[in-house]
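Take a look at the structure below.
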Amino acid sequence: MSAIQNVYCVGRNYRLHAEELGNEVPSSPMIFLKPSHAAVSFNNDALVLPADKGEIHYEAELVVRIGRDYEPGLSAEQLVDGLALGIDFTLRDVQSVLKQKGHPWTAAKGFKNSAPVTSFIPFPGTEGWLNNEFALLKNGEQVQLGRTTNMIFSLETILTHIGENYGLSAGDIIFTGTPEGVGPVAAGDTFELIYAGESVGTCQIAQ
């Protein structure tokens, strides 16, 4: 995988996902970070995840790659040069404790291998972004189906918010949020990501 700089993630960007976890729907983009070490190839035959920290959940997401430094007024088509799919693996039990204590989410979201990403394809433009759907299969059964038209915050809004508040540069990637249907991960599970009806990557959780 080519060098990745910052890994931005948008939390609660699908209303039904926020509701399924009992969370409030945000009024502005909710951004958190994963370390660059969290990002690995999705085509890893045996993805190693923590086995001693409680329940782990999968969260499939569309991922965009930034191709140039952010400047106010640039469109998504000018800023984004690649599109991929990924999974935001989350230590859900750890996250619940952190939320109760009001602590940052890094321990629950930023562990090694927590952000596997498929190979990037050229960004399909705004029309392509809006017209395709993505899905996650777990052990051959569909568990998530996402459409960008169901996002609370548009890609343009996300890019502007991150660019103005935190900065965006070439090599940064953004996980744009997960639809409803998240659930637990077990050793030996196989995950497959689908975009526009085509398989774009598979991985298996190490035993």
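Okay, here's what the table says:
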| item | result |
| --- | --- |
| For Gly22: the one exception among (1) surrounded by fewer than 22 Cβ atoms within 10 Å (Cβ to Cβ); (2) at negative phi | (2) |
| Hits in segment 49-76 (condition: farther than 20 Å from Gln5 by Cα and either touching a Cys at 6+ places or on another chain (Cβ under 9 Å) or not aliphatic (A, V, I, L, M) (or both)) | Pro50, Asp52, Lys53, Gly54, Glu55, His57, Tyr58, Glu59, Pro72, Gly73, Ser75 |
| Selection from segment 1-40 of residues that are among the hydroxyl-bearing types (Ser, Thr, Tyr) and in contact with an Asp or Glu (Cβ under 9 Å, 6 or more places away or on another chain) | Tyr8, Tyr14 |
| Segment 48-60 residues that are of a type in the set (Lys, Arg), paired with ones that are assigned to a loop (DSSP other than H, G, I, E, B) and crowded, with 18+ Cβ neighbours inside 10 Å (beta carbon under 6 Å, 6 or more apart) | none |
| Considering residues of segment 93-105 that are in contact (Cβ under 8 Å) with a residue 12 or more places away in the chain and in a helix (DSSP H, G or I) only, the residue most open to solvent (accessible area, probe 1.4 Å) | Asp93 |
| Matching strands (runs of 3 or more DSSP E) fully within segment 5-92 where at least 3 residues are closer than 20 Å to Pro124 by Cβ and at pLDDT 95 or above | 60-66, 80-87 |
| Members of segment 106-134 found to be aliphatic (A, V, I, L, M), closer than 23 Å to Phe32 by Cα and surrounded by fewer than 18 Cβ atoms within 10 Å (Cβ to Cβ), listed by number | Ala107 |
| Residues that are among the hydrophobic types (A, V, I, L, M, F, W, C) and part of a helix (DSSP H, G or I), drawn from segment 122-161 | Trp129, Leu130, Leu155, Ile158, Leu159 |
| Complete set of residues in segment 154-179 that are of a type outside the set (Val, Ile, Thr) and under 19 Å from Pro35 (Cβ atoms) | Tyr166, Gly167, Leu168, Ser169, Ala170, Gly171, Asp172, Phe175 |
| Residue selected from segment 156-200 under the condition polar (S, T, N, Q) and open to solvent by less than 40 Å² (accessible area, probe 1.4 Å), by the criterion farthest from Val7 (Cα to Cα) | Thr178 |
| Given (1) of a type in the set (Gly, Ala, Ser); (2) more than 15 Å from the chain's Cα centre (by Cα); (3) under 28 Å from Glu164 (Cβ atoms), number of the condition Ser96 does not satisfy | (3) |
| Total residues in segment 43-60, condition under 22 Å from Ser119 (Cα atoms), more than 15 Å from the chain's Cα centre (by Cα) and surrounded by 14 or more Cβ atoms within 10 Å (Cβ to Cβ) | 4 |
| Leading residue by the ranking (nearest to Ile121 (Cα to Cα)) among those in segment 176-200 that are hydrophobic (A, V, I, L, M, F, W, C) and touching a residue at least 40 places away in the same chain (Cβ under 8 Å) | Val200 |
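The values are calculated or read from the model by the stated rules, or taken from the named source; none is laboratory data. This structure is a prediction, so every number in the text was calculated from the model and none was measured. Glycine also receives a Cβ, built like all others from the backbone with ideal geometry; neighbour counts cover every protein chain displayed. Areas reflect the complete protein model, heavy atoms only, side chains present, ligands, DNA and RNA absent. Shrake-Rupley method; radii C 1.70, N 1.55, O 1.52, S 1.80 Å.
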